[in-house]
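A.B. asks: This is the structure I want to talk about, given as structure tokens.
The values are calculated or read from the model by the stated rules, or taken from the named source; none is laboratory data. On a predicted model such as this, the values are computed, not experimentally measured, just so you know. Every residue, glycine as well, gets a Cβ built from its backbone with ideal geometry; the counts of neighbours run over all protein chains shown. To get the accessible areas, we keep the full protein, side chains included, count just its heavy atoms, and leave off ligands, DNA and RNA. Shrake-Rupley method; radii C 1.70, N 1.55, O 1.52, S 1.80 Å.
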Amino acid sequence: MVQRRTLLLGSSAVGLAVGGAAVYGVRSSAVGAGIGVISGGAVQPMQLSRSLPERRVALVTFDRRPGAGEGASSLRELVSGVRRVEGRGVSVGVALGGGLFRAAAERPRQLVEMPGFAGDLLDPGQSHGDVLVQVAGERTADVRTAVERLATGLPGWAERWRIEGFRAENRVEGGRGLARNPFHFTEGFGNPTEEREALDRALVRDGQGEPPWAVGGSYQVVRIIRLATELWDKDSVHEQERIIGRRRDGRWLDGAPADEQPNYRADPRGRLTPLGSHVRLATPDRRTPAPLVRRGYSYDRGDGDTGLVFSCFQRDLAQGFEAVQKRLEGEAMAKYLLTTGGGYFFVPPPGDGWADALAPR
């Protein structure tokens, strides 16, 4: 059994305080393995280090090959591979799938295989995986080169699936990273404007019942959602906006600006914003936003296969993504969507202490 490392707060560590309590801390010497960065004095997972995500991304999942080594040893190979490709015009982040914890001593308590939800048609060939690696950058060539170098430099790992994404009209407004999706709507308004609030929604806290090593990490949900763009474009802009519950530019249907809250109480029957619209179902009380942070991309694989690489981060799957997904069952937009892949993953906290959790029992 590998002796467990302890993540300490103190003079040799950096930490983030949220609500007056330290959420997590890691030795600063452990940072820089492609898994975490320092931003505003706080150590955080790479995937959450920017309010404006890079324009291009590739998500690649790997399964550990039989006989490739147990527990932390195979992860060290993966981290070494990440170190070799990061910093060449790309940032690289790692998330762990449930299959990696079959024989592990401690696993994140909510990390299971992503179930199929109403309307899903999950393809096993582009779902789940032992490890998810996110490679992001401003240039497609940089991202693709890094992915190929990574994929060919991990003999103990077999690629399971990959998908590339992009953010059209990628920009920051009011502290939020915004982009236009294939349905011609601007998205990203639901994210918080402050880094502190974003990390408060996304990062696992002490006292949640999670293993100590997982504090400061985040549950990541990936959903590959094919969009029926031809069918959607047959609807009028007015009908599309009533299905979404916002104008294309983000303004609310009751006239409120995009960066303010709509007054649903003044519209109890949905005359202005339909009760079954996407945004009203997702967050029926705008004063209490869903406790998650989105980092989504669009994709286009040709032959009409376009859609979203939906990605979100939260400290609690049941309160975050799953609660929203259940509210969206039967929404008016459902007939334009088909989720074909993705999975549940856990982004470990920065540093390398989490690798001990994968030691065999």
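A.B. asks: Any chance the range 108-119 includes a residue that's of a type in the set (Phe, Trp, Tyr) and either more than 24 Å from THR340 (Cα to Cα) or part of a loop (DSSP other than H, G, I, E, B) (or both)?
C.D. replies: Looking for residues that are of a type in the set (Phe, Trp, Tyr) and either more than 24 Å from THR340 (Cα to Cα) or part of a loop (DSSP other than H, G, I, E, B) (or both), one finds at least one in the range 108-119, hence yes.
A.B. asks: Which ranges mark the strands (runs of 3 or more DSSP E) fully within the range 166-252 that have 3 or more residues being modelled with pLDDT of 95 or more and more than 24 Å from THR61 (Cα to Cα)? Don't jump to the end; show me each part of the working.
C.D. replies: Details: elements: 168-173, 176-180, 218-227.
The qualifying strands (runs of 3 or more DSSP E) are 168-173, 176-180.
A.B. asks: Hey, THR340 hits all of (1) surrounded by fewer than 16 Cβ atoms within 10 Å (Cβ to Cβ); (2) closer than 23 Å to ALA95 by Cβ but one; which does it fall short on?
C.D. replies: Of everything listed in (1) surrounded by fewer than 16 Cβ atoms within 10 Å (Cβ to Cβ); (2) closer than 23 Å to ALA95 by Cβ, THR340 misses just condition (1).
A.B. asks: Do you know which of the residues in the range 137-155 that are in contact with a helix residue (DSSP H, G or I) (Cβ under 7 Å, 6 or more places away or on another chain) and outside any helix (DSSP H, G or I) is farthest from GLU113 (Cα to Cα)?
C.D. replies: Taking the candidates together, the pick is GLY137.
A.B. asks: Go through the range 243-263 residue by residue and tally those that are in contact (Cβ under 8 Å) with a residue 40 or more places away in the chain and either surrounded by 15 or more Cβ atoms within 10 Å (Cβ to Cβ) or of a type in the set (Lys, Arg) (or both).
C.D. replies: Residues that pass the stated criteria total 6.
A.B. asks: Considering only residues that are among the polar types (S, T, N, Q) and in a strand (DSSP E or B), look in the range 316-361 and name the one that is farthest from THR61 (Cα to Cα). Working first, answer last.
C.D. replies: Going through the range 316-361, the residues among the polar types (S, T, N, Q) turn out to be 319, 325, 339-340.
Subsequent filtering for residues that are in a strand (DSSP E or B) retains 339-340.
Values: THR339: 17, THR340: 15 Å.
Checked the range 316-361; the qualifying residue farthest from THR61 (Cα to Cα) is THR339.
A.B. asks: While we're on this one: So which residues in the range 264-315 are open to solvent by less than 30 Å² (accessible area, probe 1.4 Å), among the hydroxyl-bearing types (Ser, Thr, Tyr) and part of a loop (DSSP other than H, G, I, E, B), if there are any at all?
C.D. replies: THR273, SER277, THR283
A.B. asks: Continuing with the same structure: (1) closer than 30 Å to GLY343 by Cβ; (2) within 25 Å of the chain's Cα centre (by Cα): which one isn't true of ALA258, the others all being true?
C.D. replies: (1)
A.B. asks: Just checking, which of ARG56, ARG76, ARG65 is under 28 Å from GLY177 (Cβ atoms) and open to solvent by 50 Å² or more (accessible area, probe 1.4 Å)?
C.D. replies: ARG56
A.B. asks: While we're looking at this one, here's another question. Applying the selection to the range 315-344, what residues are among the acidic types (Asp, Glu) and within 16 Å of LEU121 (Cβ to Cβ)?
C.D. replies: GLU329
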